[in-house]
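Colleague: Okay, here's the structure, questions in a sec.
The values are calculated or read from the model by the stated rules, or taken from the named source; none is laboratory data. Computed from a prediction, not measured in an experiment: that's the story for all the values here. Here the Cβ positions follow ideal geometry from the backbone for every residue, glycine too, while neighbour counts run over all protein chains shown.
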Amino acid sequence: MTFDGEAFVQRFNTVWNGHDLEGILAMMTDDVVFEASFGKEPWGTRMIGKRAVRELLVEMFGRIPDVRWDELRHFACPTHAVVEWVTRGTPRGGTRYEVHGCDVLTLRDGKIAAKRSYRKGTIS
């Protein structure tokens, strides 16, 4: 089966913006390495495996119920994809935000084996 990068990225954007937890996890390998763009370490917050990713996403979608990512551009081939986006949301009891960033994806057999997120932000 031939890899369709356009369809892959469209599905990726659809499941994330739909907060479709099962759809997101179905796009990942069981041993996925997921590095969120926030956290105390230089790489952000790292989770390994679908179970850990599920826990993070349940918390995030609950904390920021209107979060969404609007794609600016992307590149995709059978082994890698990069999706540049603007994310917007309002944390419960917080202030609305808008942040630019990108996801760098490593693909294996048509699934996400690693998702590394990077974002632009401010340093206080």
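Colleague: Considering only the range 35-47, state which residues are assigned to a strand (DSSP E or B) and either loosely packed, with under 13 Cβ neighbours inside 10 Å or not aliphatic (A, V, I, L, M) (or both).
Modeller: Glu35, Ser37, Phe38, Gly39, Lys40, Glu41, Gly44, Thr45, Arg46
Colleague: Let me ask something additional. Quick one: is Val32 surrounded by 13 or more Cβ atoms within 10 Å (Cβ to Cβ), at negative phi, without any contact (Cβ under 8 Å) to a residue 40 or more places away in the chain and not in a helix (DSSP H, G or I)?
Modeller: No, not satisfied.
Colleague: Is there a residue being within 12 Å of the chain's Cα centre (by Cα), in a loop (DSSP other than H, G, I, E, B) and within 25 Å of Gly121 (Cα to Cα) anywhere in the range 18-27?
Modeller: Yes, the conditions are met somewhere in the range 18-27.
Matching residues to (1) at pLDDT 95 or above; (2) touching a helix residue (DSSP H, G or I) at 6+ places or on another chain (Cβ under 7 Å); (3) among the basic types (Lys, Arg):
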position	(1), (2), (3)
Asp20	yes, no, no
Val33	yes, no, no
Gly39	no, no, no
Gly44	no, no, no
Leu57	yes, yes, no
Met60	no, no, no
Asp70	yes, no, no
